[in-house]
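The values are calculated or read from the model by the stated rules, or taken from the named source; none is laboratory data. Worth saying up front: this structure is predicted, and the values here are computed from it rather than measured. For neighbour counting, all protein chains shown are included, and Cβ atoms are generated from backbone atoms with ideal geometry for every residue, glycine included.
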Amino acid sequence: MKKKIDISEFLSKYTIYLVLVLMLLAGRLVTPNFLNWGNLTNVMRQVSVYCILAFGMTILIITGLIDLSMGSVMALSGYVACSLFVKTDSLFLALAAAVAISMICGLINGVSVAYLKLPPFIATMSMDLIARGAVYIYSNGQPIYQIGNFNKLSTSYIMGVVPTPAFVMLIIFLITLVLLRQTRLGRHFFAVGGNADAARASGINIERTKIKAYLISAVFVAVAGCLQMARINSALPDAAVGYHADAVAAAVVGGTAFGGGIGTASGTLVGGLIIGFLGNIMNLGGIQSYVQQVIRGLIIMGAVAWDIGSKSHKFQKKPVSELKSGNK
């Protein structure tokens, strides 16, 4: 007998890809220039930043965590990188400093959540304030408008075709994909986010796993911060405000369950592309930025509601005997 196709399961797996195709068609209808290489290149530079953040956010949400400080840590690490590059002309030193600063912030977040038992929301919201204050103190509130060749991180191309930010995004995507699918640490992330008590009972060090999730995400945040400063061709202490929301949106739209334990790198990539193309379509359509914020908020709300609704539907479909036994 042929296996019956579960429509709800099919939609949960492939709806996001259909949405991306419809998004591209909608963009083409809004303006004939939407699919021009120049516009697509600009979109990819912007989307790359969101997607890199979203890959880090995906790892965190899978582990049952969250990071509301991404935007501020981006600004801090990116500003310091630009500042050092202007002074030393060393890209290696600039990038290393950005990663180090971001990882320190990630370590503080991880320790606060894992050992001080602060809720991730409170710990990372506090770090958001700390990092934003730190970048204002370091910069004295002054932007750096002349960052020299640092902007080549955004304007250059790999093999003359692929924008460097898009190439970096692809590398981060592959790292996330392998990490979540093929490594022991990735399995630990899923286990901790799915059921922390069961994970501890199976011998997983919950505290270290959470700290590792924040540290890996912090590296991605530093990379995104440097790319963002290069993209805007200046170092701004007030850059990347609210970027964590776009990272959450890309991850959740991509199928990462907000309750933890479920998520994929490929889903987040598609989710990030949807968010990026949506923003580009709204810009080309002349929609005000304030309205765009409302739309992004509604997207996050709708994606989380869809996630909760689909879980509830699956729960209701389980046999009574399975529910009584406590199996999930």
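Quick check on this structure: which one of VAL270, VAL248 is touching a Gly at 6+ places or on another chain (Cβ under 7 Å), in contact (Cβ under 8 Å) with a residue 24 or more places away in the chain and not polar (S, T, N, Q)?
Unique residue meeting the criteria: VAL270.
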Selection count, region 120-174, where residues are of a type in the set (S, T, N, Q), assigned to a helix (DSSP H, G or I) and farther than 24 Å from ASP67 by Cβ: 4
Qualifying residue in region 20-30 (condition: part of a helix (DSSP H, G or I), crowded, with 24+ Cβ neighbours inside 10 Å and hydrophobic (A, V, I, L, M, F, W, C)): no
Positions within region 261-286 being modelled with pLDDT under 85 and outside any helix (DSSP H, G or I), in sequence order: GLY285, GLY286
Residues located in region 231-260, provided they are buried (at least 24 other Cβ atoms within 10 Å of the Cβ) and part of a loop (DSSP other than H, G, I, E, B): ALA240, GLY254, THR256
Single condition LYS87 does not satisfy, out of (1) closer than 27 Å to GLN146 by Cα; (2) surrounded by 23 or more Cβ atoms within 10 Å (Cβ to Cβ); (3) charged (D, E, K, R): (2)
Which listed residue is over 28 Å from GLY259 (Cα atoms), assigned to a helix (DSSP H, G or I) and aliphatic (A, V, I, L, M), from MET44, MET57: MET44
Number of the condition not met by GLN228 [criteria: (1) under 29 Å from ILE144 (Cα atoms); (2) touching a helix residue (DSSP H, G or I) at 6+ places or on another chain (Cβ under 6 Å); (3) assigned to a loop (DSSP other than H, G, I, E, B)]: (3)
